[in-house]
Every structure is written in C-alpha cells, then in structure tokens.
Amino acid sequence: MTEDTTQRGRRQWPLPKLADPKAPLLRVEDLAVRFRMPNGSVKAVDGVSFGLDDGEALGIAGESGCGKTTTALSLVHLLPANGYIKRGRVELFGIDLVPKTETQIARYRWREISIVFQGAMNALNPVQRIGDQIAEPIEVRLGQPRESSRRRAGELLELVGIPKQRAGAYPHELSGGMRQRAIIAMSLACDPAIVIGDEPTTALDVMVQAQILQLLEQLRRDLGLSLILITHDLSVIAETCDRAMIMYAGRVAEEGPSRRLFTAPRHPYTQKLLSSFPNIRTDRRTLEVIPGMPPDLRKPPPGCRFAPRCPFAMPVCTEVVPPEVRFSDGVRVACHLYSDAEAPMAGAAGLKAAGETGA
Amino acid sequence: MTNRQDAPAVVADTELVPASVAPVIEPPGIEPGHELLRLEGLQVHFPIRGGFLDQVRRRARGYVRAVDGIDLAINKGEILGLVGESGSGKTTTGRVVVKLTHQTGGRIVFDGQDVTTLWGTGNLRAYRRRVQLIFQDPYETLNPKHTIAEFVGEPLEVNGIGTSRQDREQRILAALETAGLRPAADFAGRFPHELSGGQRQRVVIAGALVMGPDLVVADEPVSMLDVSIRTELLHLMLDLRRERGLTYLFITHDLSLAWVLADRIAVMYLGKIMEIGPAERVIRWPRNPYTQALVSVSPSPDPPAEGERAARTILVGETPDAAHIPPGCRFHPRCPLVFDRCRVDEPPLFDVGGGQQAACWLAEGGEIEPGPA
C-alpha cells in the first residue's frame, strides 16, 4: 500500500481531535493494574512500560498469570469488574487513555484499538451470517449505511482469504481456521490503528496456524498494521514479531528486537523459558525445567520476582527491585546481573551455550 | 497386577543399537523382542445416519472413516508418538486401544493375547488394569466435589483391588508420591480447585498409575499446560518409564513434543499412517511429503533465517472431511509432489530403511529427496 506522507503511516483518516501528530503511536508507562480479591489485592501488572511504533509488531510472552493479557485489556479499559488501573499512562497518539470515562473510551475500541480475543472464533454468534457480523461494527461504530457496510465486509473477507460468496455462511459451516480468519476480518472492520491478538493461533492445528501467521504477515506488509501479539508460544513471536517482550509475575523481564532476544537471551528467565521450549530444530531431550512456581501476586517477593527460582540469584536480588538496563542493541533487561555494566554478558553467554545445540 | 513382578522393570543400561539406525540410541527400558501392543489393520468407521428412519432401520448414508486400516506395534518400555492434526484419527485410535470405542475391523493384540473381542467380561476389567488412559484436560477430568484421594482411589474400589482401607490408602499415597505430589498426605484430602493446572494433571497421572498399568495411552497430556510445567510433566513421564518400565502411546498434535519424548513417531493423516519410524529419522529425514510439510512449518523459537520462511511448505486448505476421503493417496489433493499414480492407487507403507516406513509412491524407489533437516 502506498504511504501518504501527509498522514501517519497507513492512516487514511483523521486522527482523534486531541491527538498530537508527532507523538508515537502507543506509549505505555509504568502501568500498574490491581485486582480486588476477598483476601487482598492482586498486583497483576506492576510497572510495565513499552512502546509500539507505526507498522510494528510487538509480541508479549510469558506463562499464565504473568499479566500479559491484563496489560492488553487495560489499554482499552476491558478489565473485569474487580480490576482497576492503579497508576501509569497509556498514551495513544499522545492522548492518555487511563483517565477516560467509559463513554469516551468506547470511541477508541474497534476504531483505534481492536482485540482478537482468545477463542474468539468460538464466540461468533451462531445464528447470524458471518458477513453480517463483520458489517455490524462498521454500521454501528462508523455509522455507515447497511449497503456499504456489507460491501466492506465482503472486501474484508476477501482480504483474509475467504471468498466473499461465503459471507452468507453461518459460523458452523466454516472450519476452525476459517472462523479465525473471519474474526481477523472483523478486527479489521473499522481499520484500527492497532490490532491486539490474544493467543490468536492457540487452538489451531499446526498447518492452520502456519496459514494464519502467514496471513498476519501479509496483512502487515500490505496494510502496514501495527500488531500486539500476546501468546505463551514463543515460536509464534519468533515467527511474526519485530520486537518481543517477556513478562514475569506482572513485570517486564526483558524486551527488545526479537532476533536478539531469541538468539542471545540475557535475563535468566528468558534463558530458562527458551531452553524449556520443545524445539524440533535442536537435539532431543535437552528440555530444562524451571524449578518452583510463579509467586503469589497478592504478596509478591520483594526485590526481583524471579529470584526464588533463579539459578544466578544473589543476595541483592531478594532485596532490591532490579533496575532496567538498556543495551546498545536495543534490548532492555531488568536483572541485577547487568546492573554492573562492566561484565554484562558473563551469565548469558554461559547459559546460552547450554541451551544451544547444532541441529 | 499379575505380570508386573516377572517382567523386569528396567533392562540393563546398555545401548541396543541396531546396525542400520546409526543416530538413534535405544534408551534403557525398551525390550525390542517384547511386543506389548499390536494393531493389525485397525478400522473404525462411524455410520452417518441422517434422520429418524435411518436410525430405526439402522441404515447408514455413509461412513466417517475415522481410522482406516492402520498397523502399529509398540514394544515394552517404548514411547510411540502418534502425531496428527485434528481429524486424523489419532484420538480414536487411542480410544480403541483402551476399549472406549468399538473398532469395526482389524485386530488388537496385547501382550500376545488377542483382545479384539474383549467386551463386557471380567477379562475386560483385567485388561483395563493394564492399559490406562490420560486425558488432555485436567480441569474436566477431575470431579470438583471429590477429593484427590477419592479420585485416585476410585479405580481401586471399582476393581476391588486392595485388601483393606489401609492398604488402599497406602496405594493411593504411593501413587501420588510417584506422580510427584509430595508430601502425598498433604494432597490426598484436597479438592481439585485447590490445585494448579500442573498439579491437577499430576493427579490424573496418579489416577492412572494406581492400577499399576503396563501401557499408558496419553492423549495430549500436556497441551493445556504452560511451558515450564509441561517440561516437568514430560520429565515425569520419562522417569516413570525408566523406573517402572511403562510403555506409552503418546498422542499429540505437536510434532515438537513427540520429538522430545517419543522413541518412534507415527504420523497420521485422515485415518492412515503416512509415515512411521524412529523419531530422529522421521524428523530429520521425513520421506512422506505430508511429514515434510509438517516438519517445515513446525514452530520453533529460533527466529527464521533469511530465506527459511520461503522454503517452508504451507499446505493450502484443510484436512478433508473423513466422510469423503479422496481416492488414491488420501493426501494427493494437497500434496505438492502429486503425480498421476497418486490419484488412482493408494500407496502402502514402503520400507525406506532404518526402521522407517513411508506411505508414498515416491518412497517406493527412494526418489524423494531428504526433507528439511
């Protein structure tokens, strides 16, 4: 698609009124989310910062409960009723979304940020034709007449590889992969600035997953989409994302260009996570186990939250929260191993060699 | 519990390397001569009955050929990975082995005995003691109102195993301990909601172990779990094999899991085995174009190298419906290497050396180039 120099990236329509045209697309700073529970408050997300530029794909990875989905949901205020944003800023085009009211934020959903939820393909309305379901947000959100919404829905279906003649099909008439394509088409309906995919390929077969990842890749190339992919599957991020962010117990462990992060992981958690991932391109049965369990986020350990499970834990790790260290290759790491800038790579090099094998 | 004593749990730690298969080291525990399970031409065809009249007349409009004639053998102490996409018939195969689904053709031989027609008898009960099933979803398998001890102890009660309450309790605790839930007494009285996903799956494993089985059919046992918990359970399965000489039929859609766990891998597509052989060979030198495609798209956390993405074989479309299996080779409509013969004749499994077999006409004379390594 041709780039319009007077507009931002692929954007062909005006920015929100309050937007600063020079501001970055998305900037999240020191975001903290809590959940009220009967027996205390869960610090699900605690001081997470990251950014997303136009046309960029960011992958957020981590185990269940690390706060990756919560981070994404809080961007557009979709947290469950007992969740709230404790502090932090979420700036879209320089507009802070955190203080927005429910009516105000509704304007940003679908039109600026759309989310493909986990298992959304099973949440399609079974008694409505898929074409109509895709046309609905266009009609409701953008106030387009029904005819043109339908036409646009047909175009979107073609875009994701479903012949538009199938717009009249009901969800049960489509296979799992097709339904997932329809959901992606729906997320593109209002031409949002950012599409967030929460485990978009998790329930799919390998071959269908490969097809969907190929589709996302192609949409990024053709439309210049800005993507946030949330997944526990590191391989999906390695395949599709420019940058990767590894989260652990509500904090960012490591973030940077995915090629760097996956070939030379620095944070011990990233190293462990990668070496416990089954990989048919390496030797068999070299899988590592991360001992222990993630901490209880009602009372997280002081200092580094990974310290109780970390093979390199030092006394300082259990006391002081590790500061983020930035490296020249664009990776930032929150680990005490690197707070002494003199010997930044010592630990990483050793463990990398253990996890790496000549396939 | 009859044959357990006389069957040596662990064979000597010597490497039994068949001369033809250089890279594969046979792990301790496998008894190459001792065939534990053999499936011969196994078939499961589900009738499609349209309306009420069809139901009454027991007339079928057609058949879903879920499993369409497969031959498979597992040696004692071996882990056979049965890999396939949804609709490949891998789960149905597992269910037939544990006798939850009737086969419509073929034979099942377990430990030298024909168990094909073992239905509704005391013998079936004895068979099920030796063959246990682990399901995919630990959240659905456990009854939320039963304690862990009740879940694990239920099969003992049903089968009348154990002489007294104390004896049963001992067995329950021992099984929990073996499944890595320590201290077992702590877990016995708990309810499923008090456990994490990984612990639940350990309880499910304990429930299978308490009967002292020889063969465990594990249907996607770790698919629902996080990466780090997953590796713990895979290690547990390997430990149990070493300690107890367990044999596994490991059913999964994930080639990389079969790669790390299984000794041999069988790849299924639409009810047939497309390729079978030692894991090293099937992954490194796949000979069937379907396996080659699966290996090439199998996700890996290594970022793709330049040009690697282009070299990938992403098949178009999806697995056809098992009610309408294509004629000839069932993979031919999606095969990138299809030629005339594939559309007409179905290829049998050809021996391609090293204990590997591939169902492809190109494997007949060995013309297929080694796949992506």
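Looking only at residues of the stretch A:285-307 that are more than 23 Å from B:Leu255 (Cβ to Cβ) and basic (Lys, Arg), we find that the one that is farthest from the other protein chains (Cβ to nearest Cβ) is A:Lys299.
Quickly run through the stretch A:184-216 and pick out the residues that are of a type in the set (D, E, K, R), within 14 Å of chain B (Cβ to nearest Cβ) and under 26 Å from A:Asp132 (Cα atoms).
Here is the first cut: in the stretch A:184-216, the ones of a type in the set (D, E, K, R) are A:191, A:198-199, A:205.
Retained after the next criterion (residues that are within 14 Å of chain B (Cβ to nearest Cβ)): A:199, A:205.
Correct list: A:Glu199 only.
In the stretch A:242-284, what residues are part of a strand (DSSP E or B), within 27 Å of A:Val42 (Cα to Cα) and facing another protein chain (nearest Cβ under 10 Å)?
Initially, the stretch A:242-284 is screened for residues part of a strand (DSSP E or B), giving A:243-248, A:251-257.
With within 27 Å of A:Val42 (Cα to Cα) added as a condition, the list becomes A:244-248, A:251-255.
A:Ala244 - this is the single residue of the stretch A:242-284 that is part of a strand (DSSP E or B), within 27 Å of A:Val42 (Cα to Cα) and facing another protein chain (nearest Cβ under 10 Å).
Of note, B:Arg190 satisfies the criterion of being away from chain A (no Cβ under 14 Å) and surrounded by fewer than 22 Cβ atoms within 10 Å (Cβ to Cβ). When only residues in the stretch A:129-179 that are among the hydroxyl-bearing types (Ser, Thr, Tyr) and closer than 28 Å to A:Thr202 by Cβ count, which is surrounded by the most Cβ atoms within 10 Å (Cβ to Cβ)? Step by step, filter the stretch A:129-179, then rank; the result is A:Ser175.
Beta carbons closer than 7 Å, at least 6 apart along the sequence or on distinct chains, pair a first residue in the stretch B:138-162 that is more than 23 Å from B:Glu220 (Cα to Cα) with a second that is of a type in the set (D, E, K, R) for B:Thr147/B:Arg190; B:Gly153/B:Arg168; B:Leu156/B:Arg168; B:Leu156/B:Arg171; B:Asn159/B:Arg125; B:Asn159/B:Arg129; B:Gly162/B:Arg168; B:Gly162/B:Arg171. Residues in the stretch B:217-245 that are crowded, with 20+ Cβ neighbours inside 10 Å and touching a Ser or Thr at 6+ places or on another chain (Cβ under 7 Å) were compared, and the one that is farthest from the other protein chains (Cβ to nearest Cβ) is B:Asp219. The set of residues in the stretch A:217-241 that are assigned to a loop (DSSP other than H, G, I, E, B) and more than 10 Å from chain B (Cβ to nearest Cβ) comprises A:Gly224, A:Leu225. Annotation note: of A:Ile105, A:Ile60, A:Ile138, the sole residue that is of a type in the set (Val, Ile, Thr) and either assigned to a loop (DSSP other than H, G, I, E, B) or within 27 Å of B:Ser196 (Cβ to Cβ) (or both) is A:Ile60.
Name the residue that is nearest to A:Ile237 (Cα to Cα), counting only residues in the stretch A:207-219 that are surrounded by 20 or more Cβ atoms within 10 Å (Cβ to Cβ) and of a type outside the set (Gly, Ala, Ser).
At the first step, the residues of the stretch A:207-219 found to be surrounded by 20 or more Cβ atoms within 10 Å (Cβ to Cβ) are A:207-213, A:216.
Restricting the remaining residues to those that are of a type outside the set (Gly, Ala, Ser) gives A:207-209, A:211-213, A:216.
Details: A:Met207: 17, A:Val208: 16, A:Gln209: 13, A:Gln211: 15, A:Ile212: 13, A:Leu213: 10, A:Leu216: 12 Å.
The residue in question is A:Leu213.
Only one residue in B:Gly106, B:Gly69 is on the phi > 0 side of the Ramachandran plot, part of a strand (DSSP E or B) and in contact with a Leu (Cβ under 6 Å, 6 or more places away or on another chain). Which one? Steps first, please.
Details: B:Gly69 fails: in contact with a Leu (Cβ under 6 Å, 6 or more places away or on another chain).
It is B:Gly106.
Kindly indicate whether any position in the stretch B:170-178 is of a type in the set (Lys, Arg), buried (at least 22 other Cβ atoms within 10 Å of the Cβ) and closer than 24 Å to B:Arg129 by Cα. No, the stretch B:170-178 has no match at all.
Return yes or no: is B:Ala60 over 24 Å from B:Ala266 (Cα atoms) and touching a Ser or Thr at 6+ places or on another chain (Cβ under 9 Å)? Here the answer is no, as B:Ala60 does not meet what is asked. For the stretch B:165-187, a residue qualifies if it is of a type in the set (Gly, Ala, Ser) and modelled with pLDDT of 90 or more, and the qualifying residues are B:Ala174, B:Ala175. Considering only residues that are within 22 Å of A:Ser226 (Cβ to Cβ), assigned to a loop (DSSP other than H, G, I, E, B) and of a type outside the set (Ser, Thr, Tyr), which ones fall in the stretch A:108-135? Passing the criteria: A:Trp110, A:Arg111, A:Glu112, A:Phe117, A:Gln118.
With the condition kept exactly as written, say whether any residue in the stretch B:74-89 is touching a residue at least 40 places away in the same chain (Cβ under 8 Å), surrounded by fewer than 18 Cβ atoms within 10 Å (Cβ to Cβ) and either acidic (Asp, Glu) or more than 14 Å from every other protein chain (Cβ to nearest Cβ) (or both). Write out each step before concluding.
Start the filter on the stretch B:74-89 by keeping residues that are touching a residue at least 40 places away in the same chain (Cβ under 8 Å), which leaves B:74-89.
Those still in the list that are surrounded by fewer than 18 Cβ atoms within 10 Å (Cβ to Cβ) too: B:86.
Going one step further and asking which of them are either acidic (Asp, Glu) or more than 14 Å from every other protein chain (Cβ to nearest Cβ) (or both), we end up with none.
The answer is no, given that none of the residues of the stretch B:74-89 is touching a residue at least 40 places away in the same chain (Cβ under 8 Å), surrounded by fewer than 18 Cβ atoms within 10 Å (Cβ to Cβ) and either acidic (Asp, Glu) or more than 14 Å from every other protein chain (Cβ to nearest Cβ) (or both).
The values are calculated or read from the model by the stated rules, or taken from the named source; none is laboratory data. These figures come from a predicted structure and were not determined experimentally. All Cβ positions, glycine included, derive from the backbone under ideal geometry; neighbour counts span all protein chains shown.
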